[in-house]
Structures are given as structure tokens and as C-alpha cells.
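Chemist: I have a structure I would like to understand better, so I am pasting it below and will then ask my questions one at a time.
The values are calculated or read from the model by the stated rules, or taken from the named source; none is laboratory data. What you are looking at is a predicted structure, and each value in this text was computed from that prediction instead of being measured. Cβ placement follows ideal geometry from the backbone for every residue including glycine, while neighbour counts extend to all protein chains displayed. Protein only, heavy atoms only, side chains kept; ligands, DNA and RNA dropped before computing areas. Shrake-Rupley method; radii C 1.70, N 1.55, O 1.52, S 1.80 Å.
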Amino acid sequence: MQKCDHCNTPFSWSEIYKSFIWTYKPIECNNCGTEHRITILGRVSFVFCTIVPSLIFLNFLSPFDNFILTFVIGISILLGGSLLTPFFVKYKSIVC
């Protein structure tokens, strides 16, 4: 899990996940107040953990003839991947 660059206080899973919901909103450290923004590599890892597996399933691996079942499984893969992304993304402190 990502930690603050200045005081090494770990960010909580919920703080990181909430920053995804609000279009990569910066995270502020609760201990020292340093602001951290997601890196480009972090954004790419978010996409590769969520959207890419869903698209691969929906376009190439879908064994079901039922569109609704295929769609529900694709969305489940997307949600499962998004729940794992806080462990993989990287943030960098903003130097003012």
C-alpha cells in the first residue's frame, strides 16, 4: 500500500479508492498534510486492472449467448479489478 513520501504514514485503502471515484483526486496525508497525486504509471495500472480485463472478456472470451449474463460477468470483473487497484497504483507528493 502506498505511503506518504515525507512521513511514511500509509494511506488507507478507502482514501485511495475514493480518489479514483473523483477522477484521480489528490490524496492529502492525515499526519503531515502533504498532497499526493497519482502518477501516469498509476493511471495506466488502474486501466489495466479494471477496463482491459473486462474488454477482453466481453470481446474475446465470452462463452455465453445471453447478452445480459455476459454483461453482468464483465461488470463483475471490472468491479473486482477496481477493488484491487489501490494495492498497485503509485502516488507522488506535490512539491510547491
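Chemist: Restricting attention to the alpha-carbon atoms of the stretch 1-53, what are Rg (one decimal) and Dmax (integer), both in Å?
Modeler: 11.5, 37
Chemist: Now for a different question. Starting from the 7 Å offset along Cα-to-Cβ, what nm value, one decimal, do you get for the label separation of residue 55 and residue 9?
Modeler: For residue 55 paired with residue 9, the spin-label model returns 3.8 nm.
Chemist: On average, how much accessible surface per residue is there in the chain, in Å², for a 1.4 Å probe, leaving out ligands, DNA and RNA?
Modeler: Accessible area per residue, the chain: 67 Å².
Chemist: Roll a 1.4 Å probe over the protein heavy atoms and report the accessible area of residue 77 in Å², nearest 10.
Modeler: Around 60 Å² of this residue is reachable by solvent.
Chemist: Under the 0.36 nm per residue contour assumption, what length would be gained going from the current alpha-carbon distance of residue 67 and residue 17 to full extension?
Modeler: Numbers: separation 50, 0.36 × 50 = 18.00 nm, distance 2.93 nm.
Answer, rounded to one decimal: 15.1 nm.
Chemist: In debye to the nearest 20, how big a dipole does the chain give about its Cα centre with +1 on each Lys and Arg Cβ and -1 on each Asp and Glu Cβ?
Modeler: 200 debye
Chemist: Take the solvent-accessible surface of the protein heavy atoms, probe 1.4 Å, and return the percent of it on the chain that carbon and sulfur atoms account for. Could you put the intermediate results ahead of the total?
Modeler: Values: 4300 of 6460 Å².
Taking all protein chains in place, the chain shows 66 percent carbon and sulfur surface.
Chemist: Something else now. If exposed chymotrypsin sites (Phe, Trp or Tyr not before Pro) are those in a DSSP loop with at most 12 other Cβ within 10 Å, what is the longest stretch of the chain that has none?
Modeler: The longest uninterrupted stretch comes out as 23-63.
Chemist: If one takes the longest principal axis of the Cα atoms in the chain, at what angle in degrees, from 0 to 90 and to the nearest 10, does the Cα axis of helix 67-84 lie?
Modeler: 20 degrees
Chemist: Moving on. For Cα Rg over 2.2 N^0.38 Å, the listed values are [x] 1.30; [y] 1.44; [z] 1.07; which was obtained by calculation from the structure presented?
Modeler: [x]
Chemist: Given the DSSP H assignment, sum -39500 (n - 2.57) over each helix run of at least 4 residues in the chain and divide by its residue total; what's the result at 222 nm in deg cm²/dmol, nearest 500?
Modeler: Helices in the chain give a 222 nm mean residue ellipticity of -15000 deg cm²/dmol.
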